[in-house]
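K.L.:
After the structure tokens below, expect a handful of questions from me.
Read-outs: derived from the displayed coordinates by stated rules, not from any lab. Only a predicted model underlies this, so the values are computations on that prediction, with no experimental measurement involved. Every residue, glycine among them, receives a Cβ derived from its backbone with ideal geometry; neighbour counts consider all protein chains shown.
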Amino acid sequence: MKATDKAVQAAIRHAVQGGKAVYLSCGDNLRLVATPQARGYWQLRYRYGGNERTISFGYYPTVPLAEAFARSTKARALLRDGVDPMQHRRDQKAELRRVVQNSFGAAAEAWYTFNLPRWSKATADKARQYLDKDLLPPLSKRPLSMLTPDELGQVIERIEKRRAFNVAKKCRQWLKAIFKYAIARGWTKDNPAETLNAIAAPVPATRNYAHIDVDELPELLKALDAYSGSPVTVGAIRLALWTANRPGVTRTLKWSELDLDDALWTIDQGREGMKLGYRHLTPLPHQAVTMLRELHKLTGTFEHVFINRADPQRPMSDAAINIALARMGFKGRQTGHGFRHLFSTAMNEKGYKEDWIERQLSHGDPDKIRGTYNKAVYLEPRRKMLQQWADHLDAIRTGSNVVPIKRKAG
């Protein structure tokens, strides 16, 4: 029979009708083996090392006639080079298994485990968080050698689209480090993360939240005293002004986070509203303790200190403080977040140590401040700083013995 599709189909019909295999020669030792089960597969017979062998190329019509000829040609080329086609196929499958086993997920976990003893707890937690949230879900099962700069770039772009530019920057660094580790281990040869900085999205300019100047504090404090709105909202504004904590943390303050006897507010790691998820301790001036004890009479039976007017089971709304400030006449001049800028300006002008101010603002990694983080880090200096700040605000309110804001801390 002639090696055509028509001949192949005829051979399969004859095998079915005759109930036994039919062999169709296609030239150069390639043949079709047609079976009674109405199937036919391609087979090349060859000799290697003095022994007769066969290698199959798949079933017809999945592997059409032209492709069977092409595979046969490649196999004969290997033979001419002294390579056994069957062993070559085994080697390719083994290499494919090796590539698949060397997945990004396995490499990332090995890299994480290797670095864990060298990292601070905060760094380890951050790496774990970014791996689990941003890098492993899309990349875990991908073979290292098959990942491309474009694929990694798409992962980073998804992070940038949610405007998490610091996360994107860190993930670019860690992707590069993971591939360097994998190369050193012999798991892959190239580092597709090497050029990711070239396509990094530009980081928008830092947003400055509206805040008044220090010399406008008397006007703000007078307006706050005269404000007839909810004492819950007024309390939240005063606490934000006294402590300079983030608005999202202040408005969601829980009674369980307060130790009023010790005048301490503890914000646990991973707390909602706490940027980067660090643990943060805030000493409370006695003015804040007094206000909170009074407020406990109103909201102490609820979970949150500053309850939502419409639903006391929920915390105060995100807009409540800014709405109140606008009603006091400070729309566009002062925001809840702006209290942090106001505090920073005042404390720096007053001459307090930068480390104390930055720690109170919960800026940066607390594990990197003076090499360690524990309950005592700057707590007492910050306690004195916040108390002096609250006393200064009281002096402004009453107009008595106001100490000029610019002085050097002792």
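K.L.:
Give the angle, between 0 and 90 degrees and rounded to the nearest 10, that separates the Cα long axis of helix 379-398 from the longest principal axis of the Cα atoms of the chain.
P.N.:
The angle comes out near 50 degrees.
K.L.:
Can you count the Lys pairs in segment 194-346 whose Cα atoms are under 26 Å apart, with each pair 8 or more apart or on different chains?
P.N.:
5
K.L.:
Stretched out fully, how many nm does the piece from Glu349 to Asp261 gain, at 0.36 nm a residue minus the Cα gap?
P.N.:
Going from the current span to full extension adds 28.6 nm.
K.L.:
Aspartates and glutamates near Lys169 by alpha-carbon distance under 19 Å, same-chain residues fewer than 8 away left out - which ones?
P.N.:
The qualifying aspartates and glutamates are Asp125, Asp132, Asp134, Asp150, Glu151, Glu157, Glu160, Glu194, Asp365.
K.L.:
Any idea what log10 I(q)/I(0) is at q = 0.12, 0.16, 0.24 Å⁻¹ for segment 61-147, Debye with uniform C-alpha scatterers and no solvent?
P.N.:
-0.60, -0.76, -1.11
K.L.:
Let me see the pair-distance distribution of segment 112-264: every alpha carbon pair, 5 Å bin width, integer percents in order.
P.N.:
Per 5 Å bin, starting at 0, the Cα pair percentages come out as 1, 7, 12, 14, 12, 10, 8, 8, 8, 8, 6, 3, 2, 0, 0.
K.L.:
Could you pull out the trypsin sites (Lys or Arg not before Pro) across segment 104-173 that fall in loop regions by DSSP (anything but H, G, I, E, B) with no more than 12 other Cβ atoms inside 10 Å?
P.N.:
Filter output for segment 104-173: Lys141, Arg162, Arg163.
K.L.:
222 nm [θ] for the chain, helices only, -39500 (n - 2.57) per DSSP H run of 4+, per residue, to 500?
P.N.:
Helix-only estimate at 222 nm: -14500 deg cm²/dmol.
K.L.:
For the modelled label position 7 Å from the Cα of Glu358 along Cα-to-Cβ, which residues of segment 155-198 have backbone nitrogen atoms closer than 13 Å?
P.N.:
Zone members listed by number: none at all.
K.L.:
Angle check, please: helix 121-130 long axis (alpha carbons) against the longest principal axis of the chain (alpha carbons), in degrees 0 to 90, nearest 10.
P.N.:
Roughly 50 degrees, rounded to the nearest 10.
K.L.:
So, in nm, how far is label Ser317 from label Thr35 when the simple model puts each one 7 Å beyond its Cα toward the Cβ?
P.N.:
According to this spin-label approximation, the distance is 7.1 nm.
K.L.:
Could you check the simple spin-label distance between Asp150 and Glu194, using points 7 Å along Cα→Cβ, in nm with one decimal?
P.N.:
Going from the Asp150 label point to the Glu194 one covers 1.9 nm.
K.L.:
Moving on to the next point. If one takes the longest principal axis of the Cα atoms in the chain, at what angle in degrees, from 0 to 90 and to the nearest 10, does the Cα axis of helix 165-184 lie?
P.N.:
For 165-184 against the chain, the angle is about 40 degrees.
K.L.:
Along its principal axes, what span do the Cα atoms of segment 257-361 show, with the longest given first and each in whole Å?
P.N.:
Its Cα atoms span 41, 36, 29 Å along the three principal axes.
K.L.:
Another one. I'd like the Karplus ³J(HN,Hα) series for segment 212-223: coefficients 6.51, -1.76, 1.60, θ = phi - 60°, whole numbers in Hz, and an x wherever there's a Gly or Pro.
P.N.:
Using θ = phi - 60°, the values come out as 6, 7, 4, 6, 9, 4, x, 5, 5, 5, 5, 5 Hz.
K.L.:
Based on the Cα coordinates of segment 187-309, what is the per residue volume of their convex hull in Å³?
P.N.:
Per residue, the Cα convex hull of segment 187-309 comes to 192 Å³.
K.L.:
Just round it to a whole percent: the fraction of Cα-Cα distances in segment 2-152 exceeding 19 Å.
P.N.:
Across segment 2-152, Cα pairs with separations above 19 Å total 67 percent.
K.L.:
With the Cα gyration tensor of segment 21-61 giving a ≥ b ≥ c as the square roots of its eigenvalues, does the rule (a/c under 1.5 for rounded; else a/b larger than b/c for prolate; else oblate) give rounded, prolate or oblate?
P.N.:
prolate
K.L.:
Right, here's the next one. Once you have the Cα-Cα distance between Arg80 and Ala210, take 0.36 nm times their residue separation minus that, and quote the gain in nm to one decimal.
P.N.:
38.9 nm
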